[in-house]
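The values are calculated or read from the model by the stated rules, or taken from the named source; none is laboratory data. Small disclaimer: the values here were computed from a predicted structure and weren't measured. Here the Cβ is made from the backbone with ideal geometry for all residues, glycine too, and neighbour counts use every protein chain on show.
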There are 2 protein chains.
Amino acid sequence: MDQSPEIDELELAAGLGRVVSLMRSLALPRDRSMTAVSTLATLERFGPRRVTELAVFEGVTQPAMTQLVSRLEREGLAERGPLPADGRAVVVRVTTAGRAELAGRRAAQARDLAALLAGLPAGDREAIAAALPALNRLTGLTHGPGARPPADPPTSRSDG
Amino acid sequence: MDQSPEIDELELAAGLGRVVSLMRSLALPRDRSMTAVSTLATLERFGPRRVTELAVFEGVTQPAMTQLVSRLEREGLAERGPLPADGRAVVVRVTTAGRAELAGRRAAQARDLAALLAGLPAGDREAIAAALPALNRLTGLTHGPGARPPADPPTSRSDG
DNA sequence: TTCCTTATATCAGCGACTTGTATAAGTTGC
DNA sequence: GCAACTTATACAAGTCGCTGATATAAGGAA
């Protein structure tokens, strides 16, 4: 059956907006800025990136990202490294501590989410679980056509 | 009874975290604070609320919410009104202009989302569409057990 | 080298949040 | 009906993270 005209983007935008509010209320990143958490997650997911790329992707200015990276570095959550191919640039990487921070944060959110999910009918949980891979692909798309890895320096990826 | 192995909350937390990043990058609310947008959406969805309730729900302090409501009121997006049942309290309502602001913001996000969704396989779009009602119920749960409407003043709800 | 572009860092300023406190209204006890 | 306490919102001072403008350093072209 050809159900709906596929999808109502307006409703999706509203729904995802509420998801944002929900995630904000869980594991409140009041101790750490939203952009900081998001940037760490981006680095974890997509690997080392340059400052400017991070700034564009996170929707902040380059000075803001420089400042943020300095903060993250000071706290040991990320680190700067040189980019052999370009002496002007630096690559930012998430550290082990940074990954641990992300993991801990997600664990806290997961606990709260589990409690909420328990209040949903099984069918809803299944629908959410079924949509998760699709959502991951959706969120991955923003990197696809507009940004490619900056020639990751530590990995021995002999690609050309 | 073992909980449902149905869903991996950790993975869900990570996935929803990426959704947050995505929505942040779309329709960047750089002109208006995240909390402002979220608060307007909350008012639109759940109706008039008191300042303190809004503060708790949005995860900010009460003074911050007072400040925010003043800002919203100054820009005509929300308005304060008295609460007949309690002279100390005020109820905050979203105005027509506030709803328009939300609608416009969602329309912009919807446009971007549509472009992204076009890059997904049809099955992914269907999965997301199918999960949307479940996500809406999930995000609605946070209001359920902890907060009830503060006796909405303008509506003629002959409550019982 | 000289000029231009690119990438990051620094500086000044502002906006949105925090804690602490003040004012006003409701509630209880006598 | 007044005193004391609680509750709800508003105000004040301070901090943090952002923006815009600008400086410094490195790569590329002539």
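Restricting attention to the stretch A:46-65, the residues that are within 17 Å of residue A:80 (Cα to Cα), within 12 Å of chain B (Cβ to nearest Cβ) and not aromatic (Phe, Trp, Tyr) total 3. Inspection of the stretch A:95-115 identifies no residue that is assigned to a helix (DSSP H, G or I) and within 11 Å of DNA strand D (Cβ to nearest atom).
If you go through the stretch B:43-52 and keep only what is away from DNA strand D (no atom under 11 Å from the Cβ) and either buried (at least 21 other Cβ atoms within 10 Å of the Cβ) or under 18 Å from residue B:97 (Cβ atoms) (or both), you end up with B:43, B:44, B:45, B:47. Loosely packed, with under 14 Cβ neighbours inside 10 Å and modelled with pLDDT under 95: is that true of residue A:114 in this structure? For residue A:114, the condition - loosely packed, with under 14 Cβ neighbours inside 10 Å and modelled with pLDDT under 95 - is not met.
Yes or no: the stretch B:83-98 includes at least one residue that is modelled with pLDDT of 90 or more, buried (at least 21 other Cβ atoms within 10 Å of the Cβ) and within 10 Å of DNA strand C (Cβ to nearest atom). Looking for residues that are modelled with pLDDT of 90 or more, buried (at least 21 other Cβ atoms within 10 Å of the Cβ) and within 10 Å of DNA strand C (Cβ to nearest atom), one finds none in the stretch B:83-98, hence no. It is to be established whether one or more residues within the stretch B:59-75 are touching a residue at least 40 places away in the same chain (Cβ under 8 Å) and crowded, with 19+ Cβ neighbours inside 10 Å. No, there is no match, as no residue in the stretch B:59-75 is touching a residue at least 40 places away in the same chain (Cβ under 8 Å) and crowded, with 19+ Cβ neighbours inside 10 Å. Screening residue B:83 on (1) facing chain A (nearest Cβ under 8 Å); (2) near DNA strand D (Cβ under 10 Å from one of its atoms) shows it passes everything except condition (1).
Give the residues of the stretch B:117-131 that are at the interface with another protein chain (Cβ under 7 Å from one of its Cβ atoms) and either under 18 Å from residue A:20 (Cα atoms) or assigned to a loop (DSSP other than H, G, I, E, B) (or both), sorted by residue number. Correct list: B:119, B:120, B:128, B:129, B:131. Residues in the stretch A:23-52 that are of a type in the set (Ser, Thr, Tyr), under 26 Å from residue B:10 (Cβ atoms) and within 11 Å of DNA strand C (Cβ to nearest atom): how many? The qualifying residues number 1. For the stretch B:58-82, the candidate set comprises residues that are small (Gly, Ala, Ser) and within 8 Å of DNA strand C (Cβ to nearest atom); within that set, the residue that is nearest to residue B:32 (Cα to Cα) is B:64. All of (1) surrounded by fewer than 20 Cβ atoms within 10 Å (Cβ to Cβ); (2) modelled with pLDDT of 90 or more; (3) more than 13 Å from the chain's Cα centre (by Cα) hold for residue A:30 with one exception: (2).
From the list A:134, A:55, the lone residue that is closer than 18 Å to residue B:22 by Cβ, surrounded by 14 or more Cβ atoms within 10 Å (Cβ to Cβ) and near DNA strand C (Cβ under 10 Å from one of its atoms) is A:55.
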